Amino acid sequence: MKKGLMLLLIIILVFGLIGCGTKAPEEQGEETNGENGETNDEVVTIKVGTSADFPPFESHEVINGEDVIVGFDIDLINEIAKELNMKVEIEDMDFNGLVAAVQSKKIDMAIAGMAPDEDRKEKVDFSDPYYYASQTIIIKKGAEDVTNMDQLKGKVVGSQLGTTSDDIISEFQGVEVKKYNKVNDAILDLNNGRIDAVILEDSIADAYIEKNPELKIVIPEGLNEEEDPFCIALPKGNEELLNKVNAALQKIKDTGKYDELISKWFE
Ligand code: ARG
């Protein structure tokens, strides 16, 4: 009777252990297995917000019949997370809601080609820059050329709500600005002739032009020529996390991984 109980206990124990042992690998995911052979019991999943309308940084793509979010930012944040023994869960939202989502801790950070402008810096902290882009205007190929910003007076220009592009175009007197939550919708309206132009940063404009052969890029005189640094937005005051992210970013640059990602997405 005693022996029987003992056996039962052993069986329970052994199965219990096997149970845990087989569950862990799926939960950890392959990419988080440290190359240095460390165990990953402590892998933390972080929620990273983005606005997946900004190729080649982040956009939806159908791969093997499945809708996925891909891009330079997505690869970069996954590399950073790998360095920190973390796993990324991407959350797609409107760009205009990202800073508030970081601020309220709805997400752990945001990567969305975001510039650390003064307004945002009051609400969140920013990593070191990982890319620079400048503003351009997209118009229809057949349309009257725009060589000077003055020529956009009386025209309707689409911008993504809450972006630096939106701020810049909204300052031009006489230009009617139509604000969109998603860049795709602005491009759609431009294609359909509902608006006259879209303001968008260069690398992203290039990506949209490639898929919309009837559109072209112009850089009119008078358009802000300053570059927007792209940084990761983090909760304010978490210096430890900020330092870790910056150190990981630096390592990714030093090891050549950064250049690899640049050639993957921009060449
Ligand atoms: N760089 C601009 C900004 O910081 C636009 C970013 C838009 N990003 C996006 N994923 N739609 O405001």
Original post:
How many residues are more than 12 Å from the ligand (Cβ to nearest atom) and of a type outside the set (A, V, I, L, M, F, W, C) if we restrict to the range 163-193?
Top reply: 11
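Is it true that some residue in the range 113-123 is away from the ligand (no atom under 14 Å from the Cβ) and either buried (at least 19 other Cβ atoms within 10 Å of the Cβ) or at pLDDT 95 or above (or both)? Write out each step before concluding.
From the range 113-123, those away from the ligand (no atom under 14 Å from the Cβ) are 122; that's our starting set.
Now drop any that are not either buried (at least 19 other Cβ atoms within 10 Å of the Cβ) or at pLDDT 95 or above (or both), which leaves 122.
Within the range 113-123 (the criterion being away from the ligand (no atom under 14 Å from the Cβ) and either buried (at least 19 other Cβ atoms within 10 Å of the Cβ) or at pLDDT 95 or above (or both)), the answer is yes, since at least one residue qualifies.
Looking only at the range 100-112, which residues are more than 10 Å from the ligand (Cβ to nearest atom) and among the aliphatic types (A, V, I, L, M)? Walk me through it before giving the result.
Initially, the range 100-112 is screened for residues more than 10 Å from the ligand (Cβ to nearest atom), giving 100-109.
A100, A101, V102, I107, M109, listed by residue number.
Please go through the range 179-215 and pick out each residue that is basic (K, R) and within 21 Å of F57 (Cβ to Cβ). Spell out how you get there, then give the answer.
Taking the range 179-215 and keeping what is basic (K, R), we get 179, 182, 194, 211.
Selection gives K179, K182, K211.
To keep it simple, each residue is scored yes or no on (1) touching a residue at least 12 places away in the same chain (Cβ under 8 Å); (2) more than 21 Å from Q135 (Cβ to Cβ); (3) in a helix (DSSP H, G or I); (4) not aromatic (F, W, Y).
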position: I217; (1), (2), (3), (4): yes, no, no, yes
position: E225; (1), (2), (3), (4): yes, no, no, yes
position: P229; (1), (2), (3), (4): yes, no, no, yes
position: L234; (1), (2), (3), (4): yes, yes, no, yes
position: G237; (1), (2), (3), (4): yes, yes, no, yes
position: V245; (1), (2), (3), (4): yes, yes, yes, yes
position: A248; (1), (2), (3), (4): yes, yes, yes, yes
position: I252; (1), (2), (3), (4): yes, yes, yes, yes
position: W265; (1), (2), (3), (4): yes, no, yes, no
**OP:** Could you grab the pairs with beta carbons closer than 9 Å, sequence gap of 6+ or different chains, first residue in the range 149-170 and within 15 Å of A112 (Cα to Cα) and of a type in the set (S, T, N, Q), second one in a helix (DSSP H, G or I) and within 12 Å of the ligand (Cβ to nearest atom)?
**Re:** Q160/F95; Q160/N96; Q160/D166; Q160/V183; Q160/A186; T163/F95; T163/N96; T163/V183
Original post:
If you take the residues in the range 42-73 that are part of a strand (DSSP E or B) and of a type in the set (D, E, K, R), which one is farthest from A233 (Cα to Cα)?
Top reply: E66
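Yes or no, residue by residue, for (1) over 25 Å from V245 (Cβ atoms); (2) more than 15 Å from the ligand (Cβ to nearest atom):
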residue: I90; (1), (2): no, no
residue: L98; (1), (2): no, no
residue: T136; (1), (2): yes, no
residue: K141; (1), (2): yes, yes
residue: Q151; (1), (2): yes, yes
**OP:** Taking the residues in the range 86-112 that are touching a helix residue (DSSP H, G or I) at 6+ places or on another chain (Cβ under 9 Å) and either at pLDDT below 95 or acidic (D, E) (or both) as candidates, determine which candidate is surrounded by the most Cβ atoms within 10 Å (Cβ to Cβ).
**Re:** D108
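For the range 79-108, give me each residue that is part of a loop (DSSP other than H, G, I, E, B), closer than 24 Å to T163 by Cα and out of contact with any strand residue (DSSP E or B) (no Cβ under 7 Å at 6 or more places or on another chain).
Taking the range 79-108 and keeping what is part of a loop (DSSP other than H, G, I, E, B), we get 84-85, 93-94, 104-108.
Narrowing further to those that are closer than 24 Å to T163 by Cα: 93-94, 104-108.
D94, S104, K106 - these are the residues of the range 79-108 that are part of a loop (DSSP other than H, G, I, E, B), closer than 24 Å to T163 by Cα and out of contact with any strand residue (DSSP E or B) (no Cβ under 7 Å at 6 or more places or on another chain).
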Original post:
List, please: which pairs have Cβ atoms under 6 Å, are six or more places apart or on different chains, and start with a residue in the range 186-210 that is part of a loop (DSSP other than H, G, I, E, B) and end with one that is β-branched (V, I, T)?
Top reply: I195/V156; D196/V156
Original post:
For the range 146-170, how many residues are surrounded by fewer than 17 Cβ atoms within 10 Å (Cβ to Cβ) and either at pLDDT below 95 or touching a Gly at 6+ places or on another chain (Cβ under 8 Å) (or both)?
Top reply: 4
**OP:** Please find, within the range 39-58, the residue that is nearest to the ligand (Cβ to nearest atom) out of those that are of a type in the set (S, T, Y) and in contact (Cβ under 8 Å) with a residue 24 or more places away in the chain.
**Re:** S51
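The values are calculated or read from the model by the stated rules, or taken from the named source; none is laboratory data. Here the structure is a predicted model, which means the values were calculated and not measured. Note: ideal-geometry Cβ built from the backbone for every residue, glycine included; neighbour counts use all protein chains shown.
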